[in-house]
Amino acid sequence: MAIVSQYGALILVAAVIGGALLLARLLLRENQVRYERRASLLPADRASCFHALREATGGKLAIHWAVSVGQLLSPRAEGKRPAPPIGRLGSIGVDFVLCDSGSLEPRLAVLLHDGEPTTPEAVRRHQQLVEAFASAQLPLVLLPRADEYSADEVHHAIETASHAKAKAKAA
């Protein structure tokens with residue numbers, strides 16, 4: 001009889017531990033995050049712009065999205081002075097960059113914007129961005145944010161920016 005009592009206590013302890021483990025597993029399973037694949041890498045407005053860019057360039061240029069200015073531009077050293085750090089400008093992102101398909105050399109950047117900046121800080125940052133791209137002789141196309149984009153309008157904006165770059169280079 002004593003043997004049965006010893007085994008009974010062991011079975012009871014094992015049942016309690018097993019129940020606790022099962023309960024913990026069920027509770028953890030409820031807290032697990034489930035993931036699903038997104039329908040598109042880009043939101044609808046940016047996807048529309050991406051397709052318009054691809055059509056406007058005839059698919060001849062590689063199109064990259066969400067690129068930081070720090071990946072595109074770097075400060076130039078002047079004389080014996082070392083190049084200054086790019087600072088906060090480097091963390092600003094452009095929506096698209098059109099690159100040569102072979103070398104991936106940036107040819108043009110596209111920034112979708114909501115209109116003119118409203119705060120003094122935003123105005124200063126916007127002006128600094130425009131000046132940085134002009135200094136690097138990398139055209140920056142500012143397109144108003146829209147739900148849909150026309151390939152013809154995007155092509156015209158690209159041509160205008162490219163001609164402005166050619167004029168600046170000639171001067």
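Only Cα pairs under 8 Å and 6+ residues apart enter the sum, and on that basis the relative contact order of the chain stands at 21 percent.
A straight chain from Ser150 to Ile11 at 0.36 nm per residue would run longer than the Cα-Cα distance by 42.7 nm.
Full extension of the segment from Glu116 to Arg34, taken as 0.36 nm per residue of separation minus the current Cα-Cα distance, would add 25.5 nm. When DSSP beta bridges are restricted to pairs lying wholly in the chain, around 70% turn out antiparallel. Summarising the label geometry, the points placed 7 Å from Cα in the beta-carbon direction at Asp45 and Gln127 lie 2.6 nm from one another.
Here's how it looks for Val141: its modeled amide H is under 5 Å from those of Ala109, Val110, Leu111, which are all 5 or more places away or on a different chain. Look at the dipole of the chain built from charges on Cβ: of His51, His163, Ala62, the Cα furthest out on the positive end belongs to Ala62. Helix 44-56 and the longest principal axis of the Cα set of the chain meet at an angle near 40°. Taking the Cα atoms of segment 6-83, the ratio Rg/Rh between the radius of gyration and the Kirkwood radius comes to 1.51. Can you tell me the orientation of helix 120-135 relative to the chain, as the angle in degrees between its alpha-carbon axis and the longest Cα principal axis, to the nearest 10? Taking the Cα atoms of the chain, the angle to 120-135 is about 60 degrees. Of Leu27, Leu41, Leu98, the residue with the greatest mean-square motion in the GNM of the chain, using alpha carbon springs below 10 Å, is Leu27. Hydrodynamic analysis of the chain uses the Kirkwood radius over alpha carbon pairs. Inserted into Stokes-Einstein at 4 °C and 1.567 mPa s, it gives a translational diffusion coefficient of 63 µm²/s.
Computed from the coordinates by the stated procedures, all read-outs in this text should not be read as laboratory data. Quick caveat, the model's predicted, so the values are computed rather than measured. For neighbour counting, all protein chains shown are included, and Cβ atoms are generated from backbone atoms with ideal geometry for every residue, glycine included.
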